[in-house]
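Data block below; observations after.
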Amino acid sequence: MTSFPLPPVDRRTVLAGATAAATAYSTGLSAAGLASGADEQTVTLRVNGQTHALKLEERTTLLDALREHIGLTGTKKGCDHGQCGACTVIVNGRRINSCLTLALMHEGDAVTTIEGLAGRDGQHPMQAAFVKHDAFQCGYCTSGQICSSVAMLDEIKAGIPSHVTEDLNAEPKRTPEEVRERMSGNICRCGAYSNILDAINEVSGAV
């Protein structure tokens, strides 16, 4: 049997071939998904007091619905895994990570984003306090920090305990430890935590 010598193959050729194969494979999967037609549903969201009727793929997150379909880009997409808090919004008075929930799950819910927090009378007190205390640097996490701060103070007022609440039969106190624990899901990569705490303390009346 006649054997033929193989052409020399270097590392760059192997990497280029692997990249091309991976791209072709992923493109094929995307095309297959589009061809099959992802199911779409109509959902009505009440965002910042306005009603939006949207036709969305079932897999659309609330975050993507807000940013891509309604145009409210104040809510940020950070880690997209519910670990950084940049996408925090308030739904029916409770703060949630909008990247971890589907838009279809919030039919008729009242959603408040950073754009609707202030209302028509100017800045929300928490927004003004963040500016006053320089509680942000790059600003990317700020919308989530502010929404989380507002809802967090409401949680304390409602008597909802945290992991550091010592007496579960007493009303939680607005201590620095309580605030830090309750805000631990909102990451500030610039490290403005002490200023964020000062802003929250001012709004809560703790100073």
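The values are calculated or read from the model by the stated rules, or taken from the named source; none is laboratory data. Remember, it's a predicted structure, so these values are computed and weren't measured experimentally. All Cβ positions, glycine included, derive from the backbone under ideal geometry; neighbour counts span all protein chains shown.
Quick notes on this one:
- Selection status of residue 52, assigned to a helix (DSSP H, G or I), surrounded by fewer than 21 Cβ atoms within 10 Å (Cβ to Cβ) and at pLDDT 95 or above: no
- Just one residue in the set 117, 100 is more than 10 Å from the chain's Cα centre (by Cα) and either in the same structural domain as residue 47 (by TED's automatic domain parsing) or modelled with pLDDT under 95 (or both); that residue is 117.
For (1) over 26 Å from residue 156 (Cβ atoms); (2) in contact with a strand residue (DSSP E or B) (Cβ under 9 Å, 6 or more places away or on another chain); (3) in the same structural domain as residue 154 (by TED's automatic domain parsing), each residue gets a yes or a no:
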site	(1), (2), (3)
44	yes, yes, no
62	no, yes, no
65	yes, yes, no
71	yes, no, no
83	no, yes, no
106	no, yes, no
109	no, yes, no
131	no, no, yes
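- For beta carbons closer than 8 Å, sequence separation of 6+ or different chains, a first residue in segment 39-61 that is without any contact (Cβ under 8 Å) to a residue 12 or more places away in the chain and a second that is surrounded by 14 or more Cβ atoms within 10 Å (Cβ to Cβ), the qualifying pairs are 51/45; 53/43.
Let's see how each residue does on (1) among the small types (Gly, Ala, Ser); (2) over 30 Å from residue 70 (Cα atoms):
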position: 105; (1), (2): no, no
position: 113; (1), (2): no, no
position: 160; (1), (2): no, yes
position: 176; (1), (2): no, yes
position: 187; (1), (2): no, no
position: 194; (1), (2): yes, yes
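- Sole exception among (1) surrounded by 21 or more Cβ atoms within 10 Å (Cβ to Cβ); (2) more than 23 Å from residue 187 (Cβ to Cβ); (3) in contact with a Ser or Thr (Cβ under 7 Å, 6 or more places away or on another chain) for residue 107, by number: (1)
- Qualifying residue in segment 130-142 (condition: without any contact (Cβ under 8 Å) to a residue 40 or more places away in the chain and over 19 Å from residue 204 (Cβ atoms)): yes
- Test set (1) assigned to a helix (DSSP H, G or I); (2) closer than 29 Å to residue 190 by Cα - residue 77 fails condition number: (1)
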